[in-house]
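The values are calculated or read from the model by the stated rules, or taken from the named source; none is laboratory data. What you see is a predicted model, and the numbers here were worked out from it, not measured in a lab. Because the Cβ atoms are built from the backbone with ideal geometry, glycine has one as well, and the counts that use them run over all protein chains shown. Keep in mind that these areas ignore ligands, DNA and RNA; they rest on the heavy atoms of the full protein, side chains included. Shrake-Rupley method; radii C 1.70, N 1.55, O 1.52, S 1.80 Å.
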Amino acid sequence: MDTRRALLDALAADDGPVSGPALADSLGVSRAAVWKAVEGLREEGFAVESTPEGYVAPDDPGYSGPGIAFGLDAPYSVEYRDRIASTNERARELAADGKTDVAVVADEQTGSRGRLDREWVAPSGGVWLSVLTRPDVPTARAPLYTLAAAVATTDAAREAGVDAKIKWPNDVLVEPEESAAGADDSDSTGRGGRKLAGILTEMEGEADRVGWLVVGVGVNANLDPETLPAGATSLSAERGSPVDRRRFAATLLERYAELTASPAALDEVLSAWRERASTLGRRVRVDTGDGVVEGTAVDVADPGALLIDTDGGRRRVHAGDCEHLRDAE
Ligand code: BT5
């Protein structure tokens, strides 16, 4: 696996052909090992070409494990499945096996979940992925990783030409266009916009340190919103054309890796989140599971709590389902 990743990086770094002996030399492995890695990549759908001068990466690396890992500037290996029950579940299995720094990516999920065990609809054509890491941080900071994933997803959507925003705590959405009268019919669901992506974070903590952390991101990429639950949208529907999922997934993973690279990087997540938030400044109603808090969302505070000004004073909410209300409500 490591030889393959090194081979992909070497091919990505070089425009022209790279010879087998040169690869063996630079990777510090035998020529037979290079050949085996090339064969393995081809079996996974990454069509490495052989020319008299050496190996060349395919023009279209494709949406596959090696395709996503090709030129990826993030410290994850990529495990790709055409079809899987749930990428989060698979990442948890890998965690139980002691693995780390893996991105599990699937084209289709047959048993994926949202928060509180809700169903997540994930047909072929989406970007469904889960990143397993073992960050050396206190358990209390874990919510920052969810916010980081929301920022990363928003940035990848914007790079793809879709003006996405974040709804606290874990939704990425596209706000309805205001009509001249300021009415927004499409917002009758109270979601504050059409849902483009959702995030599910799962973790295991040891004492006050995170043991493993799985951040699962589901993005409706090339999907017809008609096939999704009411109130959903997709990148392709918003853009009017399909998105390059390989590039989108790579951008998302690279941004997430950058935002979570160190404690100092994590310190920047809240401000990045604020800049992309749709929730702040709005009237909201949050069902915390332990009561409803209603008021104006004024800020997000470490490590991801929403601050709400209510009639009875300022409240700090750590988790829950958030509804954006119209000003009149
Ligand atoms: C979420 O939950 O938004 C988190 C979704 C996380 C999914 C990813 S995909 C990769 C990884 N593997 C998994 O098994 N899960 C993660 P929540 O906030 O609870 O929202 C769930 C609600 O969103 C559902 O009850 C539906 O109303 C709605 N929903 C379901 N599928 C949707 C979709 N594809 N697009 C938009 N909304 C959807």
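Quick notes
- Lys, Arg +1 and Asp, Glu -1 on Cβ, resulting dipole of the chain about Cα centre, debye, nearest 20: 440
- Computed on the Cα trace of the chain, the radius of gyration divided by the Kirkwood hydrodynamic radius gives Rg/Rh = 1.02.
- FRET efficiency, 1/(1 + (r/R0)^6) with R0 30 Å, evaluated for residue 44 and residue 274 via beta carbons: 0.15
- Loop trypsin sites (Lys or Arg not before Pro), region 133-169 (other Cβ atoms within 10 Å of the site Cβ: 11 or fewer; DSSP): none
- Using C-alpha pairs below 8 Å separated by at least 6 residues, the relative contact order for region 65-275 is 22 percent.
- For the chain, the solvent-accessible area of protein heavy atoms averages 46 Å² per residue (probe radius 1.4 Å; ligands and nucleic acids excluded).
- For region 80-175, taking the reciprocal of the average inverse distance between every pair of different Cα atoms yields a Kirkwood hydrodynamic radius of 14.6 Å.
- Enclosed volume per residue, in Å³, of the convex hull spanned by Cα atoms of region 2-56: 67
- Distance cut-off 20 Å, percentage of C-alpha pairs in region 236-303 lying past it: 55
- Range of Cα positions in region 199-276 per principal axis (Å), largest first: 45, 24, 23
- As a calculated quantity, the FRET efficiency between residue 288 and residue 19 at R0 = 51 Å, using C-beta atoms, amounts to about 0.25.
- Working from label points 7 Å from Cα in the Cα-to-Cβ sense, the residue 321 to residue 2 distance is 4.7 nm.
- Contact order normalised by residue count of region 2-56, Cα under 8 Å, 6+ apart, percent: 42
- When shorter helices are ignored and each DSSP H run of at least 4 residues is given -39500 (n - 2.57), the per-residue value for the chain at 222 nm works out to -8500 deg cm²/dmol.
- Among the GluC sites (Glu not before Pro) in region 97-183, those placed in a DSSP loop whose Cβ has at most 10 other Cβ atoms within 10 Å are 177, 178.
- With the charge dipole of the chain set up from +1 on Lys and Arg Cβ and -1 on Asp and Glu Cβ about the Cα centre, the Cα lying farthest toward the positive end among the listed residues 29, 143, 235 is that of 143.
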